[in-house]
Every structure is written in structure tokens, then in C-alpha cells.
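The values are calculated or read from the model by the stated rules, or taken from the named source; none is laboratory data. Predicted, not measured: the structure shown is a model, and the values here were computed from it. Virtual Cβ from ideal backbone geometry, glycine too; neighbours counted across all protein chains shown.
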Amino acid sequence: MSTPAIVVKNLVKTFGSRHRPIRAVDDLSFSVQRGSIFGLLGPNGAGKTTTLRIMTTLARPGGGTVEVLGYDVVKAPLEVRRRIGVVIQEQAADLLLNVRDNLLTFARFHGGAGPPVRNRAERVMTQFRIEDVADRKVQDLSGGIRRRVQVAKMFMIDVPIIFLDEFSSGMDAILKRSVMAMLRAEAAAGRTIVLTTQILSEAEELCDDILIINNGRRVARGSVQALKELVGRLHEVTITFDRIPQELATIVAGYGPERVVVQHNTVQLQLRDEEPRVLELVSALGRHGRIQRLEITGASLEDVFVQLTQQPEVPR
Ligand SMILES: Nc1ncnc2c1ncn2[C@@H]1O[C@H](COP(=O)(O)OP(=O)(O)OP(=O)(O)O)[C@@H](O)[C@H]1O
Ligand SMILES: [Mg+2]
């Protein structure tokens with residue numbers, strides 16, 4: 001296996017006074033494989049942006065180390081910067097330049113030149129649906145469009161690693177779909193993508209590898225599939241009968257469901273059990289009533305996330 005693109009060891013970042021420190025990042029260790037789409041997930045204030053800022057040399061670690069493609073972010077920040085593209089939550093595009101010049105300047109800064117860069121800019125502007133505002137100054141555009149310009153810049157350069165903090169904010173569903181497809185293509189071509197998001201369906205669709213953090217600490221780590229297994233084998237079963245079987249309650253009770261809701265001819269069950277047991281229940285019910293419609297779904301990443309990051313409110 002090749003060496004990881006990013007290695008984070010015992011990372012710590014503290015804000016606030018010595019008397020009331022806030023541990024924004026609290027002893028975090030992880031690595032990111034080359035060519036993967038890595039998702040850093042967590043609720044508001046979990047430490048995602050702070051971690052990303054440190055990995056991209058925009059903030060210094062308070063403790064621990066981060067290596068990007070073998071370069072230490074503190075000892076060799078310029079080597080790191082040369083190899084990465086970053087879209088961070090709060091940063092804006094170059095407000096005084098128009099949209100096209102934002103893309104061109106960024107590409108030239110990274111060594112691009114000549115007609116290929118101009119052609120690429122036109123193509124990227126079409127992909128991001130910002131070609132109509134190509135000649136407008138960024139400062140005159142809405143927040144959502146500015147955001148698109150920021151993300152569009154990443155497709156102007158060929159650096160090996162891209163960092164995206166909440167990339168989809170300000171994008172409508174259709175644009176988001178196409179940007180996700182573009183990101184997947186970039187990863188397939190060997191680029192490493194590190195992103196943060198609060199939109200779990202986005203992570204579920206996009207990420208090969210996920211790290212969930214809360215209060216600056218690791219909560220869970222793995223593929224979407226592995227994380228789902230971590231919260232147990234939760235299944236949602238929805239069955240519509242011709243007529244609800246009389247034996248329903250008795251049969252279902254034998255399987256210890258977490259939740260049962262009956263509405264007209266439809267019953268919704270939540271079971272924490274292995275798949276064969278779920279199928280066994282369905283076939284038992286099928287022997288007592290005619291099933292018109294059946295749907296079985298596993299836990300969503302949202303279930304995982306809520307379960308893992310839910311904590312009683314701690315007054316600060
Ligand atoms: N410059 C700063 N000064 C003081 N505290 C900060 C600073 N930056 C971040 N924090 C604190 O560090 C913690 C983590 O913040 P961070 O922005 O990394 O969270 P996040 O996971 O990106 O949240 P969000 O989902 O809201 O973007 C929060 O408690 C935040 O208030
Ligand atoms: Mg953030």
C-alpha cells in the first residue's frame with residue numbers, strides 16, 4: 001500500500017484563556033489514503049474547520065503533528081501549500097476581481113498559463129453555471145455564487161490534494177449533484193479530497209472514509225458501511241397488507257421491535273437484529289396475511305451520527 005496522503009498525530013488546538021481553555025481539537029489522530037474522498041463530520045463546533053485550517057497551514061497546531069505528502073505543516077508550510085487547494089468556510093474569493101479573472105489568477109498562481117488555462121476557465125464556469133456572471137466583480141455577487149467561484153477554482157488546478165470546508169453551501173440540488181460527480185471523477189483520477197460536511201446524505205454518497213468528531217475528539221471512524229454496523233443492525237421494515245393479520249401483535253412481539261406503528265393497512269417496524277431474523281419475521285407475517293408491498297432499509301448515516309454525537313447539553 002502507498003504511504004498515506006495525510007498523517008495527523010495527537011493533534012491539539014486550544015483557544016481561549018489559560019483559565020478557561022476551549023479544546024477545539026483534542027488529541028486527534030488519523031490518516032487519509034491517497035486517492036480517497038475523506039469526510040470529516042461532526043456537529044457545529046466539533047472542530048472540523050479548525051482541523052482543516054491546521055492541515056492546510058492556515059493555523060498552527062497547539063500540539064501534535066500533521067504531515068501532508070510527507071511534509072510537516074509547521075516545518076515546511078510552503079511545500080505543503082504548493083501541493084494543496086483549499087476552500088475554507090469563512091474565506092471569500094478575490095472580491096475586486098471578476099469571476100473569470102478569479103479563476104485565471106488562481107490557475108496562474110499555481111503555474112498554469114496560455115490558452116489551455118483560458119479554455120479550462122470557460123469549461124469550469126459552464127460546469128458551475130457561473131458563465132453568465134463571468135465579467136461581474138465577485139463583490140457584487142450573492143454569497144452562494146461567491147461560494148461557487150471558490151469551489152470552481154479547485155477545478156482550475158491539478159494539485160494532488162483538495163480541502164473543502166462545507167463545499168455545498170450555497171449550491172442548489174442540481175449543481176451539488178454535478179459537483180459531487182466531478183469530485184468523484186477527480187478522486188478516481190488519483191486526487192485526494194478532504195471535505196467537511198453536516199449534510200449526511202452528502203457524505204454517505206461521496207466519502208470512502210469518514211471520521212466523526214465531537215468536542216474535538218474522535219467519535220467513530222470507517223467506511224459508511226462500517227459506521228452503520230457500529231450502531232447495530234437497525235432495520236426499518238414497512239409492510240402493507242390486504243388486511244392487517246389478527247396475529248400481528250403476537251408475532252411481532254416475539255422479535256422485540258424497537259418501534260411498531262400501524263396505520264390503516266400498513267405496519268412500520270424498527271428492528272435491531274440480523275438480516276435473516278428480519279426476513280424470518282416478514283415471512284412469518286406473510287403466512288398470516290397477504291403482503292401487497294414490502295420495504296426494508298438499513299440504518300442511514302444520519303441514524304449513526306445522531307446516535308454517536310448525541311450527548312446531554314453541558315453548560316459552558
Ligand atoms: N479563532 C477562534 N477563537 C476562539 N475559539 C475558536 C476559534 N476558532 C474556533 N473556535 C472554537 O473552537 C471550537 C471548534 O470550532 P470549529 O469552527 O472548528 O468547529 P466546526 O466543527 O467547524 O463547526 P461548524 O460546523 O459550525 O463549522 C468551537 O468551540 C469554536 O467556538
Ligand atoms: Mg466549520
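From the set of residues in region 31-67 that are more than 16 Å from the chain's Cα centre (by Cα) and among the hydrophobic types (A, V, I, L, M, F, W, C), which is farthest from ligand 1 (Cβ to nearest atom)?
Looking at the filtered set, the residue picked out is Val66.
Sort out for me the strands (runs of 3 or more DSSP E) sitting completely within region 186-261 that have 2 or more residues that are at pLDDT 90 or above and of a type in the set (Lys, Arg).
Hits in region 186-261: 217-222.
Is it the case, given these coordinates, that Val151 is over 18 Å from Thr105 (Cβ atoms) and crowded, with 22+ Cβ neighbours inside 10 Å?
Against the criterion (over 18 Å from Thr105 (Cβ atoms) and crowded, with 22+ Cβ neighbours inside 10 Å), Val151 does not qualify.
How many residues does region 3-27 contain that are of a type in the set (Gly, Ala, Ser) and not in a loop (DSSP other than H, G, I, E, B)?
The total comes to 2.
When you check Pro61 against the structure, is it in contact with a strand residue (DSSP E or B) (Cβ under 7 Å, 6 or more places away or on another chain), at pLDDT below 95 and within 21 Å of Arg218 (Cα to Cα), yes or no?
no
Restricting to region 262-281, and then to whatever is in contact (Cβ under 8 Å) with a residue 24 or more places away in the chain and part of a strand (DSSP E or B), can you tell me which residue is nearest to Val304 (Cα to Cα)?
Checked region 262-281; the qualifying residue nearest to Val304 (Cα to Cα) is Arg272.
Applying the selection to region 272-306, what residues are farther than 30 Å from Gln246 by Cβ and among the hydrophobic types (A, V, I, L, M, F, W, C)?
Of everything in region 272-306, those that are farther than 30 Å from Gln246 by Cβ and among the hydrophobic types (A, V, I, L, M, F, W, C) turn out to be Ala299, Leu301, Val304, Phe305, Val306.
So in region 9-30, with the set limited to residues that are surrounded by 15 or more Cβ atoms within 10 Å (Cβ to Cβ) and closer than 20 Å to Ser223 by Cα, which one is nearest to ligand 1 (Cβ to nearest atom)?
Leu28
Testing Gln292 on (1) touching a strand residue (DSSP E or B) at 6+ places or on another chain (Cβ under 9 Å); (2) modelled with pLDDT of 90 or more; (3) part of a loop (DSSP other than H, G, I, E, B); (4) of a type in the set (S, T, N, Q), one condition comes back false. Which one is that?
It is condition (3) that Gln292 fails.
If we keep just the residues of region 4-47 that are of a type in the set (Lys, Arg) and without any contact (Cβ under 8 Å) to a residue 40 or more places away in the chain, which is farthest from ligand 2 (Cβ to nearest atom)?
For region 4-47, the residue satisfying everything is Arg18.
Find all pairs meeting these conditions: Cβ atoms under 7 angstrom apart; at least six residues apart or on different chains; first residue within region 75-101 and farther than 22 Å from Arg120 by Cβ and hydrophobic (A, V, I, L, M, F, W, C); second residue modelled with pLDDT under 90 and exposed (fewer than 15 other Cβ atoms within 10 Å of the Cβ).
Leu95/Gln139; Leu96/Gln139
What number of residues within region 171-200 are β-branched (Val, Ile, Thr) and either within 12 Å of the chain's Cα centre (by Cα) or within 16 Å of ligand 2 (Cβ to nearest atom) (or both)?
5
Could you list all residues from region 129-144 that are surrounded by 15 or more Cβ atoms within 10 Å (Cβ to Cβ) and touching a residue at least 40 places away in the same chain (Cβ under 8 Å)?
Arg129, Lys137, Val138, Leu141
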